[in-house]
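Single-structure report; data block below.
The values are calculated or read from the model by the stated rules, or taken from the named source; none is laboratory data. Note that the coordinates shown come from a computational prediction; the quantities given were computed from them, not determined experimentally. Positions of Cβ are generated from backbone atoms using ideal geometry, with glycine treated the same way; all protein chains shown enter the neighbour counts.
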Amino acid sequence: MYNRLHNKKILITAGPTKEAIDPVRYISNHSSGKMGYAIAEKLLEKGAQVCLISGPVNIHLEHPRLKIVRVTSASEMYLACCKVFEDVDIAIFAAAVADYRPEKVAEKKIKKDESHFTIKMIKNVDIAYEFGRVKTHKQISVGFALETDDEIKHAIGKLDKKNFDMVILNSINNSNAALGYDTNKITIIKNDFSKKEFSFKNKTEVAKDIVNEIAATLSAHEKYQLEETVLDYETMYR
């Protein structure tokens, strides 16, 4: 069976980002990076060339076709993506990137002299959105949605807003799923609004499901590109 992912250049973001408050404190989330790394491992098994841009995680992965770029903040992750995005066939935005960061980072540790203090937050760059704006017709973009309410509605909204070809919906309403756990339950929604729900599984098996759906999307994408090329050719010589 033909393996469409062999030698494809794939960008994956994974893990959390940490946004500094002062030299010893930061704002982050509960992402472990397990899902992104599991996807990377399955893609490597398929023969893909993987660039994994990883926030701070406690996971070790090595492979001859794997390049890992380690970053801390959302800004660093965005700049790392900028360096490779143009050359990739598929981009998978699996990282839990902080939406906001402190406007100012204190140069010294903030002392607990006051009963309270205020941090003014400013918006981080939306990495998936920015690359959705410049994505070419030859590239495939895959996003993740982690929702607590109106899950399908919000996930479909990301398809359009961020120019995704497919969105993997996670729900933290499911016990032992999503951030920090070894297990997950997902629903995949594609840009034709088809929806496929999967059972509760270990993230290794979830990654296999995701990679299979990406391969199917790639197959349909390449078929469409070929049909467009043939149509252009026929029009040219009509």
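Here is a list of conditions, (1) more than 14 Å from T13 (Cα to Cα); (2) crowded, with 16+ Cβ neighbours inside 10 Å, and K108 meets all of them except one; can you say which number that is?
(2)
If V88 passes every condition in (1) over 21 Å from K135 (Cα atoms); (2) out of contact with any helix residue (DSSP H, G or I) (no Cβ under 6 Å at 6 or more places or on another chain); (3) β-branched (V, I, T) but one, which one does it miss?
Looking at each condition in turn, V88 falls short on (1).
Would you check if there is a residue in the range 18-25 being in contact (Cβ under 8 Å) with a residue 60 or more places away in the chain and under 20 Å from N212 (Cβ atoms)?
Checked against the condition, which is being in contact (Cβ under 8 Å) with a residue 60 or more places away in the chain and under 20 Å from N212 (Cβ atoms), the range 18-25 yields no hits at all.
Only residues that are in contact (Cβ under 8 Å) with a residue 24 or more places away in the chain and in contact with a strand residue (DSSP E or B) (Cβ under 9 Å, 6 or more places away or on another chain): list them for the range 185-206, please.
Restricting attention to the range 185-206, the residues satisfying the condition of being in contact (Cβ under 8 Å) with a residue 24 or more places away in the chain are 186-191, 193, 195, 200, 203-204, 206.
I186, T187, I188, I189, K190, N191, K195, F200, K203, V206, listed by residue number.
Is it the case, given these coordinates, that T148 is farther than 28 Å from R4 by Cα and of a type in the set (S, T, Y)?
Details: farther than 28 Å from R4 by Cα: yes; of a type in the set (S, T, Y): yes.
Spelling it out, T148 is indeed farther than 28 Å from R4 by Cα and of a type in the set (S, T, Y).
Only one of F117, F85 is of a type in the set (A, V, I, L, M, F, W, C) and farther than 24 Å from V167 by Cα; which? Reasoning before the result, please.
On the way: F85 fails: farther than 24 Å from V167 by Cα.
After applying the criteria, what remains is F117.
How many residues, within the range 72-108, are β-branched (V, I, T) and over 28 Å from H6 (Cβ atoms)? Reasoning before the result, please.
Going through the range 72-108, the residues β-branched (V, I, T) turn out to be 72, 84, 88, 90, 92, 97, 105.
Checking the rest, the ones that are also over 28 Å from H6 (Cβ atoms) come to 72, 97, 105.
Count: 3.
Would you list the strands (runs of 3 or more DSSP E) that sit entirely within the range 121-222 and hold 2 or more residues that are farther than 18 Å from A38 by Cβ and over 16 Å from the mean Cα position of the chain (by Cα)? Reasoning before the result, please.
On the way: elements: 121-123, 140-147, 166-171, 186-190, 195-197.
Fully inside the range 121-222 and qualifying: 121-123, 195-197.
Are any residues in the range 1-33 of a type in the set (G, A, S) and under 30 Å from K223 (Cα atoms), and if so, which ones? Don't jump to the end; show me each part of the working.
So in the range 1-33, the residues of a type in the set (G, A, S) come out as 14-15, 20, 28, 31-33.
Listed by number, the list holds a single entry, A14.
Evaluate the following for A106: is it modelled with pLDDT under 95 and more than 18 Å from I168 (Cβ to Cβ)? Show your work before the answer.
On the way: modelled with pLDDT under 95: yes; more than 18 Å from I168 (Cβ to Cβ): yes.
Considered against the rule, which asks whether it is modelled with pLDDT under 95 and more than 18 Å from I168 (Cβ to Cβ), A106 comes out as yes.
Scan the range 122-164 for residues that are without any contact (Cβ under 8 Å) to a residue 40 or more places away in the chain, within 24 Å of E19 (Cβ to Cβ) and of a type in the set (A, V, I, L, M, F, W, C) and jot them down.
I122, A128, A145
Which of (1) outside any loop (DSSP other than H, G, I, E, B); (2) among the aromatic types (F, W, Y); (3) surrounded by fewer than 16 Cβ atoms within 10 Å (Cβ to Cβ) does F117 not meet, given it meets every other one?
Looking at each condition in turn, F117 falls short on (1).
Kindly list, by first and then second residue, each pair from a residue in the range 84-107 that is more than 15 Å from Y37 (Cα to Cα) to a residue that is of a type in the set (G, A, S) and buried (at least 19 other Cβ atoms within 10 Å of the Cβ), limited to pairs with Cβ atoms under 6 Å and residues at least 6 apart or on different chains.
V97/A74; A98/A74
Could you check the range 74-98 and list, in sequence order, the residues that are among the acidic types (D, E) and exposed (fewer than 14 other Cβ atoms within 10 Å of the Cβ)?
Taking the range 74-98 as the starting set, the residues that turn out to be among the acidic types (D, E) are 76, 86-87, 89.
Passing the criteria: E86, D87.
For the range 147-167: of the residues being β-branched (V, I, T) and modelled with pLDDT of 90 or more, which is nearest to T217 (Cα to Cα)? Walk me through it before giving the result.
From the range 147-167, those β-branched (V, I, T) are 148, 152, 156, 167; that's our starting set.
Next, only the ones that are modelled with pLDDT of 90 or more stay: 156, 167.
Values: I156: 17, V167: 12 Å.
Among them, the one singled out is V167.
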